[in-house]
1. Post the alpha-carbon centroid distance, the range 492-550 to the range 390-455, in whole angstrom.
2. Where the eigenvalues come from the Cα gyration tensor of the range 1-52, what are the semi-axes √(5λ) of the equivalent ellipsoid, largest first, in whole Å?
3. Cα centroids of the range 191-252 and the range 341-360: how far apart, whole angstrom?
4. Quick check for you: which residues of the range 106-131 have the amide N under 14 Å from the point 7 Å beyond the Cα of residue 141 toward its beta carbon?
5. Could you sort the peptides 346-357, 379-390 by per-residue average Cβ neighbour count (10 Å cutoff), highest mean leading?
6. Expressed in nm to one decimal, what extension gain is obtained for the pair residue 440 and residue 420 from 0.36 nm per residue of sequence separation less their Cα-Cα distance?
7. For 593, 514, 615, what's the fewest-to-most ordering of other Cβ within 10 Å of each Cβ?
8. What order do you get for 552-560, 265-273 when each peptide is scored by the mean count of other beta carbon atoms within 10 Å, highest first?
């Protein structure tokens, strides 16, 4: 009965989404307040109905209701409870239900907290948001129904992919979807503004909090996925330039550009057309990511790779929303005239350059991701675009961005004098050079990469501190009274610097050792003496494991004892590698046990990874910086003072 209730609620949500899409839009065009008022309760009702459906599916997974095809294919009675719950979204149908529920959450939030919005703009925003929900609800119900029953109920399920049975993957998709889908609000605001024919500073203040929230979630989601790949897959990498990794990275880059571009619209009434275009493309790339993951057109360890018919449906959704918005943009962009005038040396110009670098970076990633598909489609050639291409093509733009950020953040609006910027940034430059000198004395093997990453990372961190000091008027007592948005920006820029330093120093200094070791063998890697004490078989809740005991020493001192595992999940007959890591501030000792060898012993991989944890620490700092900015009162009050101002340059009547 609970499952049927969830199924009925999902179908009812489709009809509510249809009402939310059509009635408020007509009301806004005709000026009918009653029709426009339908938008908010419809958005709230749609959320409640989809939440009911999601709760019903979760109940089916928790209780192991194998009469549902989805539960049978993705669960098992012996699976730990955490993975029974995460199994709800560890598959195509359930993850799409999570996708559309998050979409409804954002729509309901806009309905509940958008009281300061002008009536017509609010109605149109919620109508566009409802149309996205309508499209994806139709996709779920007609092609990916999670409530399909099995006539002959099996005694047990087929279990979930063992690689997904991990805490990192339990939380990675929800955060990633909150970022992906959160960009739909910026898209809805952009389309609503195009319909009304007006973009102003008030519009930018409404868009920025939604974009910032999506960017925060996307940052956390990408970091969780990177962390999972680092310790779970057993290869010691944190980023593989996999198509699905890139699918989340491209919207992140465009969302960062949108955040900076909206500042120019808000402060200077410039870059209006460009900002609207970024809002469209940021969500458009989120839809592209959804298509790549679920169509099976590109091979990836992360993809659901379903049948092509589903991919065609998503491609139609992508074409309708992105193509339709771009067509409307082409028709209306000329009406969004910029008012602000600024010189070539100004904060506006720095933000324009920031946007160009981020947008071109996203284009590079997109080109490398889809090029194998294009080559196969048009020239029938099998190509693989790997890390070397991305590192060579993408890195120069990030280097330029890192060099620009501290300078651009210190520039005044409208016109700047470069000579006046030298004094406050001089200490940051000197400290960065000092860090580079320190790295030079310690670097081995790849000193250029180590120097560049340490220098750029230090430049961003010390540049952020210099900006805080300058904004406080070089008075310590005023630092604590600075707006939260200033602190948030400094933390975000500084966190990016820590990420850059961590990536470069890790790649420059990591040491890898692969060998066969027997119980009692000792070997040395980068000054650490590793001893394989032994390997034993241990049972797990739904797996059996070969667990190694390995001691790590420096001289006579025992640093740690690690227990890497090789697991076998009998239901799916699939092995997984569970690395064990001694995490440290300066380095990680990373151990992996492999297969037993014919001549005796075990395959053992050892990695010494300097500064690995700086990567995820930097991501957390960036996310916290965004959250701190989001709590700034100026975001919360948005543009309430302009609520009564006329919004339509083009008559709606």
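Every number in this text was worked out from the coordinates using simple rules, so none of it is lab data. These numbers were taken from a predicted model, which means no experiment stands behind them. Note: ideal-geometry Cβ built from the backbone for every residue, glycine included; neighbour counts use all protein chains shown.
1. Cα centroid to Cα centroid, the span is 32 Å.
2. Details: eigenvalues 142, 15, 6 Å².
Output for the range 1-52: semi-axes of 27, 9, 5 Å.
3. 21 Å
4. Taking a point 7 Å out along Cα→Cβ of residue 141, the residues of the range 106-131 whose backbone N falls under 14 Å are 131.
5. 346-357, 379-390
6. 4.1 nm
7. Going from sparsest to densest Cβ surroundings: 514, 615, 593.
8. Descending packing order for the listed peptides: 265-273, 552-560.
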